[in-house]
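Engineer: This is the structure I want to talk about, given as structure tokens.
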Amino acid sequence: MKTIYIHPVYPKTGTTYIQETVLSKVKEIEKLIEFNEQRTSQGPYFEYFKSNFYKNNINGNYYNFYKKRQNFYDYVFEKIKISKNSKFIISDAGLLDPFGSPGTSNIYLLKDVLKKINNVEKIEVKFLVTIRSQSELIASYYAYRSHYFHDKNNLSLLLKNSDFMENFKFSNLLTHLNEEFENPKILVLPLELLKENSSEYFKNIEDFFQIRLSNEIHKNTKVVNANSKIIDDKKYFYINSYKENIILTLFTKIHGYLKKFDIYDKSISKSNLKNTLKNYLQKFNKKTIKSKIYLTSNQIEMIKNYFKSDNNELEKKYGINLKNLEYY
């Protein structure tokens, strides 16, 4: 039986670290999709999970759910069928992002395709759920996804909004996964454990994936894509802005003009070459710090108290010591 590992959940919980430092170095586990940084914004995965169902239908490109589902199924099943590996992974921090679109409802799209695969090729589905203390995660996520929120300069208003806060209750997602996938094996992995006890952090990964990690991986505990810095005993989280480089701007304008022609739109517009070039040029965009935020000690305490009961239950069910990691 083959195993498909799903690594969804929130950005800013150490996802990129696991992708770049761990998973990309393990030959026994094959990627079913490219990881976040390398993945293009087109293709079977994106079209099934991330495409905007309500976008303008230029040139008659209407959305068809069943076609997108079949394309993604064909893509995944073909990779599984021809591979010599028995372990595969889909790792995407935005897959079940509660503030994304369609966000958490992707659980049903995911289940739909995995069930279809299991009817032909027996598979076991396991989930790696990375988490982070809500007092850290909320501030980091807010800074990283600031364009999602109207109150960009007033996080304190969101902290009083129960609909916003409830999205960071990890038990909601874990309960949902257990219900839809009939109690699959789940590893709940706190980001803080990497710093507090890296040996246990890596052992949990090794046991879950049934692999052995190299000494080189064990020594590399530097978190990737950190968007915070301690200044005068306060932890600030940076809201960044990006200025598009001139070459990419020119490329985008030329692409927009050529899309008017059917030959270009059908043969080149959606090709991997175009997407690869676009992703490469995006690396040269200039990142600047737009602003920074921090949580007061009262806000941190309020957040910990809000999630205390939920984290306590999580601790008991999944055998993790969240109190020692200062979740509450």
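Computed from the coordinates by the stated procedures, all read-outs in this text should not be read as laboratory data. As the structure is a prediction and not an experimental result, all values here were calculated from the model. For neighbour counting, all protein chains shown are included, and Cβ atoms are generated from backbone atoms with ideal geometry for every residue, glycine included.
Engineer: Could you list 232, 112 in order of exposure, starting from the residue whose Cβ has the fewest other Cβ atoms within 10 Å?
Structural biologist: 232, 112
Engineer: About its Cα centre, what dipole magnitude does segment 109-262 give when the only charges are +1 on Lys and Arg Cβ and -1 on Asp and Glu Cβ, stated in debye to the nearest 20?
Structural biologist: My answer is approximately 540 debye.
Engineer: Would any residue of segment 1-25 have its amide N under 20 Å from a label point 7 Å out along Cα→Cβ of residue 200? List them or say none.
Structural biologist: Inside the label zone: 13-15, 18.
Engineer: For a quick protection proxy, order the peptides 1-14, 307-320 by their average other-Cβ count within 10 Å, most packed first.
Structural biologist: So the order, starting with the most tightly packed, is 1-14, 307-320.
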